[in-house]
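Below is one structure; the comments refer to it alone.
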Amino acid sequence: MTPAPCRSPHPRPDSRGIAAAVVTNLIWGAFPIYFSLLLPAGAGEIVAARIVLSFAMLVLLATIARRWRRIAEAARSPRTLLLLAGAGAVVALNWLLYVTAIEVGRVLEASLAYFITPIISALLGSVLLRERASRLFWVSVGIAGGGVLVLIAGYGQTPWIGLAMSVTFAIYGLLKRLVGPRVAPVDGLVLETGAVAPFAIAFGFHLAASGQLITGSAGSAHALLMLGLAVVSLAPFITFGIAAARLQLTRLGFIGYITPMLVFVAGLTYFGEDMPLFRWIGFGVTWIALAVFAVDTWRGTRRR
């Protein structure tokens, strides 16, 4: 779920692009199940391991691809460095919220976050970047707000994890948008992950020193799954890059709804979370908002 790089407005779609987009979203959709297998470790430990292992693999990729000169050039701009550091911090918080949602049995709430993130992203673009928004878009925002209110009324409390997940990822997209195409995706990932890696390493040492570190004491299978975080975290970024280069944004966006649908199904079946009537109504209203948003996006693309 990362912003698409700039490319020609009418890329030629092909089977490889569609396959890459589907694979990306299948991996993202399987994250709740994968993360649940790590839960002898706490959310903080899982996220710290994900950051450190991802950074190590990114350093390896950057070295193989000989990207360090480009990375150094990008790092010379204080503005770019600040934006990417902010992006790294925000996406780390997003990951922490995601794993916490799984840890406390609120996977359905996490799926809600993925459903409404496109609308939140467009709302930020309209308010902060002064992007033009149609009346139909504002209708979708109002409907989505109504869906959230239904969920609040049913829960008796605000679904803060889902809302915080959607807002943090929308902010991440905004920061990456402000960085723009002058920084290649891999270069940006190296810098944004490197900005938070020292904190993740320090947290890991804290857990080890206080006897709270689970990794290494929960069996070899658990340790291998923790090591696999690097692959399952970075592989979708690679396949997404392939898809983004070959598909129109509308097609890519529609395929992107595979992820929240899979997370939703996992919450219902694998995790067995309750789905009372108010949740069905709240999610149903949210899906109507997404349908309106999708129609507005499609119409805007056709006009261009």
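Taking Cβ atoms as reference points and 11 Å as the exclusive limit, the residues near Pro185 contribute a net charge of 0, counting Lys and Arg as +1 and Asp and Glu as -1.
In the chain, a dipole from Cβ-located charges (positive for Lys and Arg, negative for Asp and Glu) runs towards its positive end, and of Leu149, Ile258, Gly211 it is Ile258 whose Cα lies farthest in that direction.
What is the distance in Å between the Cα centres of the range 132-148 and the range 239-278? Each part's Cα centre sits 21 Å from the other's. Taking the average, over residues, of other Cβ atoms within 10 Å as the packing measure, peptides 272-284, 144-156 rank 144-156, 272-284 from highest down.
The distance from the alpha carbon centre of the range 166-230 to that of the range 14-34 is 21 Å, rounded to a whole number. As a proxy for reagent exposure, Thr168, Thr158 were ordered by neighbouring Cβ count within 10 angstrom, fewest first; the result is Thr158, Thr168. Running a GNM on the chain with Cα contacts under 10 Å, which residue among Ile171, Ile18, Ile102 ends up with the highest mean-square fluctuation? Top of the fluctuation ranking is Ile18.
Comparing Ala101, Trp138, His222 along the charge dipole axis of the chain, the residue lying farthest to the positive side is Trp138, per the Cβ-charge model. Ranked by how many other Cβ atoms sit within 10 Å of their own Cβ, fewest first, the residues Ser15, Ser166 fall in the order Ser15, Ser166. A simple charge model with +1 on the Cβ of Lys and Arg, -1 on the Cβ of Asp and Glu and nothing else charged puts the dipole of the range 120-200 at about 300 debye relative to its Cα centre. Look at Met261, Met226 and count the other Cβ atoms within 10 Å of each Cβ; fewest to most, that gives Met261, Met226. The helix-based estimate of mean residue ellipticity at 222 nm for the chain, built from -39,500 (n - 2.57) per DSSP H run of four or more residues and divided by its residue count, is -26500 deg cm²/dmol to the nearest 500.
Calculated translational diffusion coefficient of the chain (10 °C, 1.306 mPa s; Stokes-Einstein with Kirkwood radius over alpha-carbon pairs) equals 79 µm²/s. For the chain, the dipole from Cβ point charges (+1 on Lys and Arg, -1 on Asp and Glu) about the Cα centre works out to 1540 debye, to the nearest 20.
Rule-based calculations on the coordinates, nothing more; no lab input. Given the structure is predicted, the values throughout are model-derived calculations rather than measurements. Ideal geometry is used to build each Cβ from the backbone, glycine not excepted, and the neighbour counts take in all protein chains shown.
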